[in-house]
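Since the structure comes first, as structure tokens, the remarks are kept for the end.
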Amino acid sequence: MSSTTPHQVSSTDKLDLRAALIERIGGYMTAHSIGVAAELGLADLIGTGTRTSGELAEETQTHEPSLRRLLRLLVAGGITTESRPGHFALTEIGSQLRADSPGSLKNFARMFSDPLFLTSWQGLRHTLSSGERAFDHAYGVGVYDHLAQHPETSALFNEAMSEESRYSAGQLASGYDFPATGTLVDLGGGDGTLLTAILRSRPGLRGIVFDSASGVAEAPATLSKAGLADRCEVQAGDFFRSVPGDGDIYIIKSVFQDWGDEESRAILRTCRAHMPASATLLIVGTVLPETADTSAPVMFLTDANMMVTTGGCERTESEFRALLEETGFTVEAVGDRDAGPLSVIQAVPASA
Ligand SMILES: C[S@@+](CC[C@H](N)C(=O)[O-])C[C@H]1O[C@@H](n2cnc3c(N)ncnc32)[C@H](O)[C@@H]1O
């Protein structure tokens, strides 16, 4: 029989609880170490084998004793293993930092260690006391204006986004019943990764990647590489002003999280005004549970990250339904939240 009542914790439990909290308190140290490891290309150098910290230090031109300590922290974080002192390999989780891994998150890790995000998080107190975006407070402009002025950071951002899209695009292309013909418009489609996956699976479908000028900068290269340049147009524009008017399906993935309700309504009104009455709108993104839980921490990380950077938020199903209904759409279906991290909300223009 336990010597403690349900409201007491033993001293061992207390130690575990302390360790659990201290680990979370230091979470940003692990996170930044993963970002720097990605920047140095450590996972690419380790590959499927085992490398010594000495070899890795030489190849990355870093200070060996410091690099070894970083690699040991990554062991504690489940990214690497140390089979013998100073000999490191990748875990299955860590292998995803390799550029050649099918679901690579290398640039995703780099992006979150970029000052773009670190500076925003340093301004969390500012956001909490004012409700304003910490990013704008630090940089004097919004994220997307900043990216437009910084092509290198923009390229990293687009590449990180496409890593996420590359993974979810395959699932979406096989999981959603896209028509065999017609035109699919990807609004805020970035470098065209999502459209590439869908068009590959539907040879009779045409596409338009629509994004800001800096957003589509890498799209022509992605499409030519996939041999899809003749089936897919690239259009630079502003979805607050206009969107292509000749689509059959409009897809808008991971975009509304960037914007507050007022801006989201404005984007939806632009879509409603320009898309044909017979077209379908697919919102692809996270749908939050009505109350927070521990089942998918990534949703809440993204939500809070949007709070300090773009000023947007993740939304629940009822919040999405309200936005769509207020802007002249009828919701036809909302994908099952349990089926994966991203859901598809299918809507059509409401009849007048
Ligand atoms: C979070 S990213 C998502 C990109 C892509 N849909 C994906 O899932 O990987 C948001 C996209 O919205 C684009 N965007 C931001 N403001 C825009 C605007 N005013 N008009 C068109 N696109 C815009 C950005 O350039 C960026 O590519």
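The values are calculated or read from the model by the stated rules, or taken from the named source; none is laboratory data. Because the structure is predicted, anything quoted here is derived from the model rather than measured. We place every Cβ from the backbone using ideal geometry, glycine too, and count neighbours over all the protein chains shown.
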- Go through the range 60-116 and count every residue that is of a type in the set (Ser, Thr, Tyr) and more than 18 Å from Gly35 (Cβ to Cβ). 2
- Note on the structure: Restricted to the range 133-189 and to residues being of a type in the set (D, E, K, R) and more than 14 Å from the chain's Cα centre (by Cα), the residue surrounded by the most Cβ atoms within 10 Å (Cβ to Cβ) is Asp186
- Boolean, Val209 is within 24 Å of Pro151 (Cβ to Cβ), away from the ligand (no atom under 11 Å from the Cβ), hydrophobic (A, V, I, L, M, F, W, C) and at pLDDT 95 or above: no
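Residues are listed down the side, and each one gets a yes or a no for (1) part of a helix (DSSP H, G or I); (2) modelled with pLDDT of 95 or more:
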{"site": "Pro244", "(1), (2)": "no, yes"}
{"site": "Arg269", "(1), (2)": "yes, yes"}
{"site": "Ala273", "(1), (2)": "yes, yes"}
{"site": "Ala277", "(1), (2)": "no, yes"}
{"site": "Leu282", "(1), (2)": "no, yes"}
{"site": "Glu290", "(1), (2)": "no, no"}
{"site": "Ser295", "(1), (2)": "no, no"}
{"site": "Val298", "(1), (2)": "yes, no"}
{"site": "Ala304", "(1), (2)": "yes, yes"}
- Query: Here are Ala236, Ala226, Ala277: which of them is away from the ligand (no atom under 15 Å from the Cβ), of a type outside the set (Lys, Arg) and touching a strand residue (DSSP E or B) at 6+ places or on another chain (Cβ under 8 Å)?
  - Reply: Ala277
- Query: Given the structure, is Gly204 closer than 25 Å to Arg321 by Cβ, of a type outside the set (A, V, I, L, M, F, W, C), modelled with pLDDT of 95 or more and away from the ligand (no atom under 12 Å from the Cβ)?
  - Reply: no
- Item | The lone exception for Glu326 - which of (1) within 15 Å of the ligand (Cβ to nearest atom); (2) over 24 Å from Arg24 (Cα atoms) it fails | (1)
